[in-house]
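Take a look at the structure set out below.
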């Protein structure tokens with residue numbers, strides 16, 4: 001473990017699984033959605049995984065800890081984020097299993113080749129360009145708003161780089177669910193599993209987790225709701241399991 005990999009303005013976060021991730025608190029840090037996506041995604045022994053818009057690189061690191069996948073790649077367009085994610089991989093000694101690549105999601109098929117991954121994951125920007133207040137600080141704005149890529153860009157790319165019968169996993173916002181389903185079906189990524197995430201049992205859902213199959217038949221399983229908090233500040237057992245805290 002090399003502390004020289006961490007810059008003075010950065011912090012080192014313990015992922016509670018033997019691994020760590022370097023983050024810049026002044027910029028976009030990963031949230032619960034990334035952790036829940038890594039718990040929802042299923043990666044089989046020997047499979048290869050691409051995480052689109054990897055940011056801090058937390059999803060590849062979490063999937064490496066949770067699964068028996070052969071190799072994990074994170075694609076990130078912002079040079080500074082990609083460089084920091086690469087340092088996290090090096091800090092954990094995972095260079096042989098995780099690769100961070102700087103590049104545009106829309107060019108992923110050219111970078112890696114078509115039909116080259118068994119699994120693709122993505123925690124994309126949730127907000128459409130004109131929806132909500134655009135964060136003036138670019139790294140946060142890019143992570144939250146569809147500035148550099150749209151939902152359709154993400155889905156189109158996932159189809160291109162997935163092998164036949166490959167799986168795509170995404171976390172998004174329920175208010176865009178109708179649009180999400182339309183885009184997925186348009187590109188023949190058939191939704192197979194869906195789980196809604198609720199902050200409290202008596203609130204509206206604020207996240208949706210989806211598993212899609214490239215070239216799959218039309219049949220979806222809706223899993224039981226995932227409730228985040230029993231009461232303010234107290235996670236439910238399901239969330240503690242997702243965070244590997246019990």
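The values are calculated or read from the model by the stated rules, or taken from the named source; none is laboratory data. Values in this document were obtained by computation on a predicted structure and should not be read as measured data. Every residue, glycine as well, gets a Cβ built from its backbone with ideal geometry; the counts of neighbours run over all protein chains shown.
Residues of the range 194-213 that are over 14 Å from residue 172 (Cβ atoms) and crowded, with 16+ Cβ neighbours inside 10 Å: 198, 213. Taken over the range 213-235, the criterion of being modelled with pLDDT of 95 or more, closer than 18 Å to residue 159 by Cα and out of contact with any helix residue (DSSP H, G or I) (no Cβ under 8 Å at 6 or more places or on another chain) is satisfied by 213 alone. Filtering the range 7-30 to residues that are modelled with pLDDT under 90 and under 20 Å from residue 122 (Cβ atoms) leaves 27, 28, 29, 30. Can you confirm whether residue 126 is at pLDDT 95 or above, farther than 19 Å from residue 220 by Cα and in contact with a strand residue (DSSP E or B) (Cβ under 8 Å, 6 or more places away or on another chain)? No; evaluated as a whole, the condition is false for this residue. From the list 185, 159, 155, the lone residue that is assigned to a helix (DSSP H, G or I) and over 19 Å from the mean Cα position of the chain (by Cα) is 185.
Looking only at the range 205-238, residues that are farther than 23 Å from residue 125 by Cα, part of a loop (DSSP other than H, G, I, E, B) and in contact (Cβ under 8 Å) with a residue 24 or more places away in the chain come to 8 in all. Listed by position, the helices (runs of 4 or more DSSP H) enclosed by the range 53-119 that each have at least 2 residues that are closer than 17 Å to residue 170 by Cα and in contact with a strand residue (DSSP E or B) (Cβ under 6 Å, 6 or more places away or on another chain) are 58-66.
Among the numbered conditions (1) modelled with pLDDT of 95 or more; (2) out of contact with any strand residue (DSSP E or B) (no Cβ under 9 Å at 6 or more places or on another chain); (3) not in a helix (DSSP H, G or I), the only one that residue 136 does not meet is (1). If you go through the range 1-16 and keep only what is out of contact with any strand residue (DSSP E or B) (no Cβ under 9 Å at 6 or more places or on another chain) and in a loop (DSSP other than H, G, I, E, B), you end up with 2, 8, 9, 16.
Among the residues of the range 69-79, none qualifies, meaning not one is at pLDDT 95 or above and within 20 Å of residue 197 (Cβ to Cβ). Each residue in the range 147-172 was checked for being out of contact with any helix residue (DSSP H, G or I) (no Cβ under 7 Å at 6 or more places or on another chain) and modelled with pLDDT of 95 or more, and 10 pass.
Taking the range 17-52 as the range and being part of a strand (DSSP E or B), buried (at least 20 other Cβ atoms within 10 Å of the Cβ) and over 13 Å from the mean Cα position of the chain (by Cα) as the test, the residues that pass are 21, 22, 23. Residue 179 satisfies every condition listed in (1) closer than 20 Å to residue 41 by Cβ; (2) over 17 Å from the mean Cα position of the chain (by Cα); (3) touching a residue at least 24 places away in the same chain (Cβ under 8 Å) except (1).
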